[in-house]
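Take a look at the structure below.
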Amino acid sequence: MAVEINDLAAFVAVARAGGFRDAARLSGVSPSGLSIAVRRLESKLGVRLLNRTTRSVAPTEAGSLLIERLAPALAEMEAALDVLNGFRDRPAGTLKLNVPAGAARIILPSILAGFLKTYPDIRVEVTVEDSFVDLLSAGCDAGIRYDERLEKDMIAIPIGPRVQRFATAAAPSYLDTHGRPQHPRELLSHVCMRGQFASGTIPIWEFERDGEVVHVDPSGQLLVRLGAAIDLAIKTAVAGLGIIHLYEDMLRPHLDSGELEPILEPWWQNFSGPFLYYPGHRHLPTPLRAFVDFVKESHASNTSLS
């Protein structure tokens, strides 16, 4: 019974992604191509491997057992093929990163520019989402998250600035009309731009000064999905329609230009910078190893200059 390795890989990709469309997005193979491969594999094996519904795809009992035995073998094959990269003049391959919107806008631009220039044969695919995901199931090599959301059994290294701040601001026209709050609790009587995670959670605004921590849950006319619609919230605040609370780095250009005026600055809360994290129990693909080394060198260089 001859079984194609590509068909086995297609089956594992679909099972892990929970669907043909998501697997196609992560693997670069069309949904129809993956479907054909899985059906061909099921036909040759004479057993159904996936239960398909209009909403989801999940492995059958037989499929689960096959994945359990296949996954380590496929990973070992990928590692064996990656060894050949050591014989190339320049590292090559694809690096898949999963990062939150803040990191995509604040952390990655300066780092990726230098990395892509240094390694022109490495292709980088970036998936932006703020919800926490299982890297391996999502088909990613590494991710960027903050320490409170790091998964266990992961290696984490610092990436980007080690201290960041949340900033609160509004257009001068709004503040001239509605007043300038002097304490975070006064925000309850103001119009505020709110953000929402993909899970539906609306984060509370947190402030801190001289050991006093204040949590505020203000209201406003605009609620945006964090990440996807941040620019809309910023532009709405610049237009004078309310107060915004966001990463200082995202608001800094508008603060410097005077479009937004900082408020409650003594209360702005610091938080530790993000980490690049990746599985510590498996072979590091050459593109990821190159990126890890590049990030470490960048961090060491920035530390020596500070």
- If residue 263 passes every condition in (1) open to solvent by 20 Å² or more (accessible area, probe 1.4 Å); (2) at pLDDT 95 or above; (3) closer than 23 Å to residue 215 by Cβ but one, which one does it miss? (1)
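Out of the range 151-187, which residues are in a strand (DSSP E or B) and in contact with a Phe, Trp or Tyr (Cβ under 9 Å, 6 or more places away or on another chain)? Reasoning before the result, please.
Restricting attention to the range 151-187, the residues satisfying the condition of being in a strand (DSSP E or B) are 154-158, 163-170.
Residues satisfying the conditions are 154, 155, 156, 157, 158, 163, 164, 165, 166, 167, 168.
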- Item | Single unsatisfied condition, residue 205 versus (1) within 15 Å of residue 168 (Cα to Cα); (2) modelled with pLDDT under 90 | (2)
- Task: Could you please find all residues in the range 1-22 being open to solvent by less than 20 Å² (accessible area, probe 1.4 Å) and free of Cβ contacts under 8 Å to residues at least 40 places away in the same chain?
- Result: 7, 10, 19
- Log entry, pairs with first residue in the range 242-270 being closer than 18 Å to residue 173 by Cβ, second being open to solvent by 30 Å² or more (accessible area, probe 1.4 Å) and in a strand (DSSP E or B), beta carbons closer than 7 Å, six or more apart or on different chains, reads 255/262
- Task: Hey, can you tell me all the residues within the range 110-141 that are under 23 Å from residue 271 (Cα atoms), of a type outside the set (Asp, Glu) and modelled with pLDDT under 90?
- Result: 110, 128, 131, 132, 133
- Query: Could we say that residue 249 is open to solvent by 40 Å² or more (accessible area, probe 1.4 Å) and closer than 26 Å to residue 104 by Cα here?
  - Reply: yes
- Query: Could you count how many residues in the range 160-189 are in contact (Cβ under 8 Å) with a residue 24 or more places away in the chain and either open to solvent by less than 20 Å² (accessible area, probe 1.4 Å) or on the phi > 0 side of the Ramachandran plot (or both)?
  - Reply: 12
- Message: Being closer than 18 Å to residue 221 by Cα and in contact (Cβ under 8 Å) with a residue 40 or more places away in the chain is the filter here; which residues of the range 196-211 pass it?
- Response: 197, 205
- Sort out which residues of the range 50-74 are in a helix (DSSP H, G or I), open to solvent by 50 Å² or more (accessible area, probe 1.4 Å) and modelled with pLDDT of 75 or more, and write them in order of number. 61, 64, 65, 68, 69
- Query: Which residues, taken from the range 23-48, are open to solvent by 70 Å² or more (accessible area, probe 1.4 Å), within 23 Å of residue 97 (Cβ to Cβ) and at pLDDT 85 or above?
  - Reply: none
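The values are calculated or read from the model by the stated rules, or taken from the named source; none is laboratory data. Bear in mind that the values here come from a model prediction, so they are computed numbers and not experimental data. Positions of Cβ are generated from backbone atoms using ideal geometry, with glycine treated the same way; all protein chains shown enter the neighbour counts. For the accessible areas, the whole protein counts, side chains as well, though only heavy atoms, and no ligand, DNA or RNA atoms are used. Shrake-Rupley method; radii C 1.70, N 1.55, O 1.52, S 1.80 Å.
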